[in-house]
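Peer 1: Shown below is the structure under consideration.
The values are calculated or read from the model by the stated rules, or taken from the named source; none is laboratory data. The structure presented is a predicted model; accordingly, all values stated were derived computationally and were not measured. Cβ placement follows ideal geometry from the backbone for every residue including glycine, while neighbour counts extend to all protein chains displayed. For the accessible areas, the whole protein counts, side chains as well, though only heavy atoms, and no ligand, DNA or RNA atoms are used. Shrake-Rupley method; radii C 1.70, N 1.55, O 1.52, S 1.80 Å.
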Amino acid sequence: MNRTELELPPLLPLRAVDAWRRRGARYVWHKALRRGLRRWPSCKRRILYRNPRLYWTLRGGDDYFREQEGQPARSERAEWLADRVASYRPASVLEIGCGYGKQLRAIRQRLPEAPLFGLDFSPTQLAYASGFLGGMDGISLMLGDGQRVPLPDDSVDLVMTSAVILHNAPEIAEQIRREAIRVARRWVVHNEDTDVTYNRFGYDSAAWYRASGIRLAEVGSIPVGSRDEVARSQFCVAELGAS
């Protein structure tokens with residue numbers, strides 16, 4: 001057997017057996033649907049993504065971590081976002097939908113003293129986050145829903161979402177924004193793409209805050225990634241207490 005053959009990935013049946021042993025039959029079926037419905041996005045939305053909590057519970061873990069960390073543009077965007085968040089010098093930060101902790105890790109490197117909080121409704125994502133953020137002090141992870149954040153009013157300086165609201169239907173997106181405003185003392189930050197796909201509803205967050213009479217400290221696209229990625233991106237910072 002030559003070196004090229006040794007470097008080939010395992011055959012699909014072998015990968016399926018390995019996935020079944022690691023995560024169970026439900027995970028294998030979920031992964032098969034993701035592959036099989038690629039050409040039918042409307043069906044993919046109705047069948048695969050009708051329950052976002054279940055989707056991210058099944059998708060979170062080793063596979064998703066490797067997929068994300070294998071894309072340099074995702075890391076570049078996380079670094080850019082962390083720079084912008086740190087520029088406001090928040091005394092504390094909550095990320096709603098923190099996933100496996102990629103954004104929190106980047107923020108901690110810029111704000112070494114500020115208490116950081118991560119909330120996610122996926123236990124598999126949080127389990128991975130506890131390892132990925134291991135050794136970093138002052139980061140608290142919470143299992144919960146962005147519609148009902150388990151923190152008091154005005155308890156965190158800055159609340160942020162990154163590619164979270166866009167996965168939720170309009171009524172849920174509305175509630176997540178209102179919860180972020182309730183918990184935040186000074187700023188609410190969003191990185192949310194505006195395009196519509198099988199798992200994205202796409203929202204203009206800046207327009208929502210303007211319509212609500214809340215001042216925007218900044219708004220614009222994120223200058224990281226391909227031309228299409230930049231075009232569909234939106235970064236905005238709502239400044240609370242100002243009109």
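Peer 1: Would you point out the residue of region 90-138, among those that are of a type in the set (A, V, I, L, M) and in contact with a Phe, Trp or Tyr (Cβ under 6 Å, 6 or more places away or on another chain), that is nearest to V189 (Cα to Cα)?
Peer 2: The extreme case among them is L94.
Peer 1: Against the condition assigned to a helix (DSSP H, G or I) and within 28 Å of G220 (Cβ to Cβ), how does A91 come out, does it pass?
Peer 2: No.
Peer 1: Here is a follow-up. Looking at region 101-123, which of its residues are modelled with pLDDT of 95 or more, open to solvent by less than 10 Å² (accessible area, probe 1.4 Å) and either of a type in the set (S, T, N, Q) or within 17 Å of V164 (Cα to Cα) (or both)?
Peer 2: Listed by number, the residues that qualify are G101, L104, G118, L119.
Peer 1: For region 207-231, name all the residues that are within 21 Å of the chain's Cα centre (by Cα), in contact (Cβ under 8 Å) with a residue 12 or more places away in the chain and farther than 16 Å from H190 by Cα.
Peer 2: If the condition is that a residue be within 21 Å of the chain's Cα centre (by Cα), in contact (Cβ under 8 Å) with a residue 12 or more places away in the chain and farther than 16 Å from H190 by Cα, then G225, S226 are the ones that fit.
Peer 1: Also: Filter region 47-87 down to residues that are hydrophobic (A, V, I, L, M, F, W, C) and in contact with a Lys or Arg (Cβ under 7 Å, 6 or more places away or on another chain) and give me whichever is surrounded by the fewest Cβ atoms within 10 Å (Cβ to Cβ).
Peer 2: So the residue we want is A86.
Peer 1: Out of D204, D157, D145, report the one residue that is at pLDDT 95 or above, more than 19 Å from A82 (Cα to Cα) and not hydrophobic (A, V, I, L, M, F, W, C).
Peer 2: Result of the check over D204, D157, D145: D204.
Peer 1: Scan region 62-82 and tell me whether some residue there is touching a strand residue (DSSP E or B) at 6+ places or on another chain (Cβ under 6 Å), touching a residue at least 40 places away in the same chain (Cβ under 8 Å) and not small (G, A, S).
Peer 2: yes
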